[in-house]
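Reviewing the structure listed below.
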Amino acid sequence: MNFIEPINPAMKLYYGRISTTDGQTIASQIEDAKQQGIDSRHVHVDEGVSGYHVAPMDRPEWKRVEDKLSNGGTLYVRWLDRISRRYDELHATMRRLMNAGVTVVCTLNGMTFDGRATDAIAKATRDAVLAFMAAQGEADYLNRREMQKRGISVAKAQGKYKGRARVADAAEVVSWRAENGASIAQTAEEFGISPATVKRYMAEAASK
């Protein structure tokens, strides 16, 4: 990948996220940060954190990112869904960054969102593209979840479903149950885990 020249060199950070530590690693995002020339002290990665169920400001590493960028700078991410998969949260988070004069660079294709833009047309174009990408990101996530549920239903009907291969993310389980008002049994079935595991996740969340 080619090095992407930063627009604002005052502060350069990289943010990464993986939704589960079971079967996923941060290696590719760490390498991506190196290719952008980011000092390892300014590489922040949240591991085992859902981009849909856990808001950016509820993640320890993301909080550090916003603290460091409070006076502007350049933030590199692989893609905007590393920040959030929810439309409202991504839109609000990007608005905070833009207001702070931060430039956000997506290393996947070099797409840039410049918080220092002053021209009305430039800002309107930036914000329109951002709104579309945020909406598309949430829609894609929900569509994948729906297709996954349908696939599981078909597999169950055919007696082929063996449950999820991975261990469910605790924060995602707790958030999904609260969001859907689901019972312990319903949550266990949704994530392919035991009711005892759901209860343990709930107890751990309550003790924090």
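The values are calculated or read from the model by the stated rules, or taken from the named source; none is laboratory data. Predicted model, so just to flag it, every value in this text is computed and none were measured. Positions of Cβ are backbone-derived with ideal geometry, glycine not excepted, and every protein chain shown enters the neighbour counts. Note: areas computed on protein heavy atoms with side chains; ligands, DNA, RNA excluded. Shrake-Rupley method; radii C 1.70, N 1.55, O 1.52, S 1.80 Å.
Once you order the gyration tensor axes a ≥ b ≥ c over the Cα atoms, which shape class does the stretch 49-147 get: rounded for a/c under 1.5, otherwise prolate or oblate by comparing a/b with b/c?
Details: a/c = 1.98, a/b = 1.27, b/c = 1.56.
Oblate, since a/c reaches 1.5 and b/c is not below a/b.
List, in the order given, every pair from 12/199; 12/123; 68/199 whose Cα-Cα distance in the structure shown is over 31 Å. Each step should come with its number before you reach the end.
Details: 12/199 41 Å; 12/123 22 Å; 68/199 37 Å.
Too far apart for the 31 Å limit: 12/199; 68/199.
Per residue, what accessible area does the stretch 26-86 have, given a 1.4 Å probe and all protein chains present, in Å²? It would help to have the intermediate numbers written out before the result.
Values: 2600 Å² over 61 residues.
That works out to 43 Å² for each residue.
Of the peptides 55-61, 32-38, 81-87, how do they stack up when ordered by the mean number of other Cβ atoms within 10 Å, highest first?
Working: 55-61: 16.6, 32-38: 18.1, 81-87: 21.9.
Result, highest mean Cβ count within 10 Å first: 81-87, 32-38, 55-61.
Give the percent of DSSP beta bridges with both residues in the stretch 38-140 that are antiparallel, rounded to the nearest 5.
On the way: 3 of 8 bridges.
Percentage antiparallel, nearest 5: 40.
Taking N as the number of residues in the stretch 65-109, what is its alpha-carbon radius of gyration divided by 2.2 N^0.38 Å?
Working: Rg = 10.1 Å, N = 45, 2.2 N^0.38 = 9.3 Å.
Compactness ratio reported: 1.08.
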